[in-house]
Amino acid sequence: MNFTGKYQLQSQENFEPFMKAMGLPDDLIQKGRDIKGISEIVHNGKHVKLTLTYGPKVVHNEFTLGEECELETMSGEKVKAVVKMEGDNKMVTSFKGMKSVTELNGDTITNTMTLGDIVYKRVSKRI
């Protein structure tokens, strides 16, 4: 399955506690909680380019599935990680105690991030 497309955030659960646990300052958390972020994905074979836009904050990540890469987190921190495919519709990665699962079903992308006992879920629809 190909993830290519532009997706807009429709709903999210546990945004504030998760972002606090990730180390984002309170002012950025307050600004970010109501922004309907846009994710743009270009998926070509094993190569993936991801651009996340949340108001003025833009995060660019580019990686090859199954190979170590450097990813930028929402806090601006750079981390080493390996993004893998599970089945034909899930991208999975882990870093610094956090696990991220991005699942595509039709025109809906569900991203679930787990850090300790906090589960942050974002649901975005293709636009």
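The values are calculated or read from the model by the stated rules, or taken from the named source; none is laboratory data. Keep in mind that what you see is a predicted model, and the values were worked out from it rather than measured. Here the Cβ positions follow ideal geometry from the backbone for every residue, glycine too, while neighbour counts run over all protein chains shown. Protein only, heavy atoms only, side chains kept; ligands, DNA and RNA dropped before computing areas. Shrake-Rupley method; radii C 1.70, N 1.55, O 1.52, S 1.80 Å.
Here are some notes:
- Number of the condition not met by Gln30 [criteria: (1) more than 15 Å from Ser124 (Cα to Cα); (2) loosely packed, with under 13 Cβ neighbours inside 10 Å; (3) modelled with pLDDT of 90 or more]: (3)
- Flag if Met85 is surrounded by 14 or more Cβ atoms within 10 Å (Cβ to Cβ), under 15 Å from the mean Cα position of the chain (by Cα) and under 20 Å from Arg126 (Cβ atoms): yes
- The residues on offer are Thr51, Thr93, and the sole one that is in contact with a His (Cβ under 8 Å, 6 or more places away or on another chain), modelled with pLDDT of 95 or more and of a type in the set (S, T, N, Q) is Thr51.
- Qualifying residues in segment 39-71 (those that are open to solvent by less than 70 Å² (accessible area, probe 1.4 Å) and not in a strand (DSSP E or B)) - the one farthest from Met1 (Cα to Cα): Gly55
- Conditions (1) outside any loop (DSSP other than H, G, I, E, B); (2) surrounded by 12 or more Cβ atoms within 10 Å (Cβ to Cβ): number failed by Met74: (1)
- A count restricted to segment 45-82 and to residues that are of a type in the set (A, V, I, L, M), more than 30 Å from Gln30 (Cβ to Cβ) and without any contact (Cβ under 8 Å) to a residue 40 or more places away in the chain stands at 2.
- The C-beta contact set for segment 12-31 (first residue part of a helix (DSSP H, G or I) and among the aliphatic types (A, V, I, L, M), second residue loosely packed, with under 12 Cβ neighbours inside 10 Å and at pLDDT below 90, distance under 7 angstrom, 6+ apart or interchain) is empty.
- Test for Asn105: is it within 18 Å of Leu24 (Cβ to Cβ), at pLDDT 95 or above and polar (S, T, N, Q): no
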